[in-house]
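Shown next, in structure tokens, is the structure this report addresses.
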Amino acid sequence: MALLRGMWGVLNALGKSGADLCAGCGSRLRSPFSFAYVPKWFSSNLSGYPKKPMTSYVRFSKEQLPIFKAQNPDAKNSELIRKIAKLWRELPDSEKKIYEDAYRADWQIYKEEINRIQEQLTPSQMVSLEKEIMQKRLKKKALIKKRELTMLGKPKRPRSAYNIFIAERFQEARNGTSQVKLKAINEHWKNLSNSQKQVYVQLAKDDKIRYYNEMKSWEEQMMEVGREDLIRRSMKYPAKNDPEEF
């Protein structure tokens with residue numbers, strides 16, 4: 001998926017990709033180009049590459065976000081998204097049309113500029129461009145997805161007993177109480193007795209419970225804002241006596 005450089009402001013604030021944001025939010029035109037992103041190594045020849053225009057909903061969200069943040073300074077991003085999405089859904093069609101017309105006008109300008117730039121590329125540049133994008137597409141898509149989930153407030157996955165132990169040792173090092181290396185931590189963990197490890201096993205079990213409870217609440221919020229694509233089909237809850245490997 002092409003990196004939508006012109007939309008990072010609202011992406012960072014709302015944690016949504018343009019395609020996800022505008023889904024079900026009015027008319028949307030699809031790009032006829034499968035490789036609209038230009039790698040950095042083309043920048044010397046293609047300066048001033050155009051930014052992809054904001055969709056109608058993204059434009060509306062960007063306008064509303066400062067207002068909602070001022071009114072709800074302590075609110076989480078997921079809460080602001082829900083409020084803005086609700087306001088958009090309730091917006092009269094006549095007012096939505098203003099944003100949709102602005103998007104169409106910007107899209108036409110963008111499309112013309114894309115055509116102009118692509119006409120300047122040599123066949124070899126076009127081939128190199130496609131190869132470069134094929135290599136980076138999955139990586140960039142995963143990065144956008146990760147940032148999106150972070151901005152949406154998705155709970156962090158539960159840590160294992162070993163990971164909790166490592167974090168504790170590194171925290172001690174940051175506090176200046178000791179200096180540790182990963183190899184030394186591994187040896188320390190191996191030398192712990194089962195009873196000593198059990199402390200971290202219990203912490204890991206508690207963290208699993210925290211994760212499942214937070215995920216349940218988070219998925220309910222995503223359902224409210226129409227993000228069913230983020231909901232898992234099934235969820236395995238930890239057993240009361242779920243064993244943890246040392």
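Observations
- Counting Lys and Arg as +1 and Asp and Glu as -1 over every other residue whose Cβ lies under 11 Å from the Cβ of Arg157, the net charge comes to +3.
- Available extension along the chain between Asp229 and Lys136 is 31.2 nm, counting 0.36 nm per residue and deducting the alpha carbon span.
- Per-residue HN-Hα couplings for the range 106-111 [Karplus 6.51, -1.76, 1.60; θ = phi - 60°; Hz; x = Gly/Pro]: 5, 5, 5, 5, 4, 4
- Debye intensity ratio I(q)/I(0), log10, the range 56-120, q values 0.12, 0.20, 0.22 Å⁻¹ (C-alpha model): -0.44, -0.80, -0.88
- Heavy atoms of the protein chains alone define the surface here; on that basis the range 56-120 has 59 Å² accessible area per residue at 1.4 Å probe size.
- Carbon/sulfur fraction of accessible area - the range 56-120, other protein chains in place, 1.4 Å, %: 49 percent
- With a threshold of 25 Å on the Cα-Cα distance, the over-threshold entries among Lys51/Lys136; Lys52/Lys96; Lys181/Lys208; Lys146/Lys183; Lys96/Lys141 are Lys181/Lys208; Lys146/Lys183; Lys96/Lys141.
- Cut-off 20 Å (backbone N to label point 7 Å along Cα→Cβ of Gln108), residues of the range 47-87: 50-57, 59
The values are calculated or read from the model by the stated rules, or taken from the named source; none is laboratory data. Remember, predicted model here, so these are calculated numbers, not experimental data. A quick note on method: Cβ atoms are made from the backbone with ideal geometry, for glycine too, and the neighbour counts reach across all protein chains shown. Surface accessibility is based on the protein's heavy atoms, side chains included, excluding ligands, DNA and RNA. Shrake-Rupley method; radii C 1.70, N 1.55, O 1.52, S 1.80 Å.
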